[in-house]
Every structure is written in structure tokens, then in C-alpha cells.
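Notes for the one structure printed next.
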Amino acid sequence: MKSNILGICGQVDEVIICDNSPKENSELFTFECSEQVKYVWFGENRGLSRAFNTVLKDDQFAWSDDDYIIYFDQDSSISDGHIGRMISEFDALRAAGHPVGCIGPVFYNTSNGTEERPKQRTPLSDNSYIVASIITSSMLCTYGNMRKIDFWNENIFLDMADWDICWRMQAAGMLCCMTEVAVLKHSLGNGEKKIGPIRLRVGSAFREYYQIRECLHLLFRSYTPFKFRIRFLAMLFVRSPLHLLFLDHRKERIKYIALGIRDFFKKEHGELKR
């Protein structure tokens, strides 16, 4: 994590670390670029969306609408000039008249050793294209664009919060883009398991809870694209049975899937109450 933060520090004015852990960890972030780093500890797990919103709505940071914001997971690493290239492409697309809401790089998935691009994409320039969604890590936007959609959706705790951001930006008339000008090294899950022609992304059993609960929540949102509604139905009725058949910790997965369905109907949105 330290090397990743150092790599980011040299490319931005300020790094804000959101810590959702129960233990205060500020001593871990005292190193060369500490003057650029602001550590925010919540003392509880607020989830991705609420944690980000706490910072975005905090007057101490004196946000302006034209401030650039780029989000990173703790395990993502970037090359020199990554953020500058992203900003330049974002600005070039807007200068060409495209209402870009957010932009993300192609990412190299270290879990399977491949560069991942969506199959469905619409060319926008020599380097970029319109896509349905991008991942949170290395998502670049402006504070003004976040404000237009009332920031992150705190009803989405963890998984799919990035999809929700992209779809609400699209519903507000903005574009979600991916660009080739930068590549992000990023790990999705704990690898993959191949069953014939099917590839199952391996993740922790407890993540089944959030994935099921949030996919049910988004299934009924008006801004969710139709193809993703179909995808969510497949998650419920195809992917979940495959996970139970072929992935480990079957009993735990059954428990978390059942809890996710239960808590959707109970309208629970925060951390799983164990």
C-alpha cells in the first residue's frame, strides 16, 4: 500500500485516505509525502459510498466544482504520468464537445493476467470510447459532476457502487468513458476458476452477501440499463448456483446469499450485522 500511495503522491496535489477499519492506523501513513496526505478515520465500517461522501461533503476540504477527483482502491498501482494522461484525455474529450461524466483506464487484471475491456463500446476518439460502466479504482471525474448526481449512493455499501455512479451520470446526460491512454494494474477477486467455457471469479464467501443484496437493490432502479437487469437476474439464478456447486466454503456462501436476500427485503443498506 505504501508504494501505491507514494506513486499517487507525485501526481496529485492531495491524497485523502479513507479508513473504514475499527482501529486507528495513522502511524502507517507517515512517510516521504506525508504533507500531501490527509488521513480520515471513521472508527467504523461505513462502506465505500458513505466513506467517500463523508469526505466529499466535508467543508474542511473546500471543494470547488472544477476540482479533479480520482479514486483508488488500496491495492491498485499506477505508472508515472498516469493521472496526468487521464486528465488530459478527459479535458480533450470535453473540449471536443463530449459531456464526459467520468473516465477510467483500461485495466490489467493481475488475477488472470489480461487487459480487460468491455465488449460493447462506442468509439469517441482515437484513444477513448463510451462504455456502460467503469470500476471505482482510477475513476476520474470532477467534483461538479459528483455534485450533479448528489454524490455516491449510500444505499450501495460496497459492490456495484461504481456501476451505480456511472448509470446515474448517464441518466443525468453525461458519458461514462474508458481510455487507452493509461493502464491500471488491478486485482479483481482472488483469481478465476474455469468450468468448461465458464470462468467464475473467485471471491470471499462474505462478498456474496453484498453482491446479492445490492444487485437486488439495483434491479429495481429506473436508471439501471436493461442488459444489467438481465445480468442481475443471471447473478441470482445462474451464477449463485454455480458458486455453490464449484467454489469452496459452500455452507458459508449459502448463508450469505440467504442473508443478502433477507436484508434486501428488510431494506438493510449498511454493514452486515453479524
Could you please find all residues in region 26-78 being more than 24 Å from S88 (Cα to Cα), of a type in the set (G, A, S) and touching a residue at least 12 places away in the same chain (Cβ under 8 Å)?
S26, G43, G47, S49, A51
Going by the structure shown, is R147 within 30 Å of P241 (Cα to Cα), of a type in the set (D, E, K, R) and surrounded by fewer than 16 Cβ atoms within 10 Å (Cβ to Cβ)?
no
Please state which of the following conditions D91 fails to meet, knowing it meets all the rest: (1) within 19 Å of the chain's Cα centre (by Cα); (2) exposed (fewer than 15 other Cβ atoms within 10 Å of the Cβ); (3) modelled with pLDDT of 95 or more.
(1)
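Let's see how each residue does on (1) more than 15 Å from the chain's Cα centre (by Cα); (2) under 21 Å from E116 (Cα atoms):
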site	(1), (2)
M174	yes, no
E180	yes, yes
K185	no, yes
K193	yes, yes
I198	yes, yes
Y209	yes, no
L216	yes, no
R221	yes, no
P225	yes, yes
Does S76 fit the bill of being touching a helix residue (DSSP H, G or I) at 6+ places or on another chain (Cβ under 9 Å), of a type outside the set (F, W, Y), modelled with pLDDT under 95 and surrounded by 17 or more Cβ atoms within 10 Å (Cβ to Cβ)?
yes
With criteria (1) surrounded by fewer than 20 Cβ atoms within 10 Å (Cβ to Cβ); (2) part of a loop (DSSP other than H, G, I, E, B), I134 comes up short on (1)
Please note which helices (runs of 4 or more DSSP H) are completely contained in region 1-95 and include at least 1 residues that are of a type in the set (D, E) and out of contact with any Cys (no Cβ under 8 Å at 6 or more places or on another chain).
82-95
For F107, indicate whether it is buried (at least 20 other Cβ atoms within 10 Å of the Cβ) and not in a strand (DSSP E or B).
no
Considering only region 137-165, state which residues are assigned to a loop (DSSP other than H, G, I, E, B), of a type in the set (G, A, S) and at negative phi.
S137
Residue list for region 215-247, filter: closer than 17 Å to D159 by Cβ, in contact (Cβ under 8 Å) with a residue 40 or more places away in the chain and of a type in the set (A, V, I, L, M, F, W, C):
C215, L216, L218, F228, L247
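The values are calculated or read from the model by the stated rules, or taken from the named source; none is laboratory data. All figures in this text were calculated on a predicted structure; none of them were measured in a lab. Neighbour counts are summed over all protein chains in view; Cβ atoms, including those assigned to glycine, are modelled from backbone coordinates with ideal geometry.
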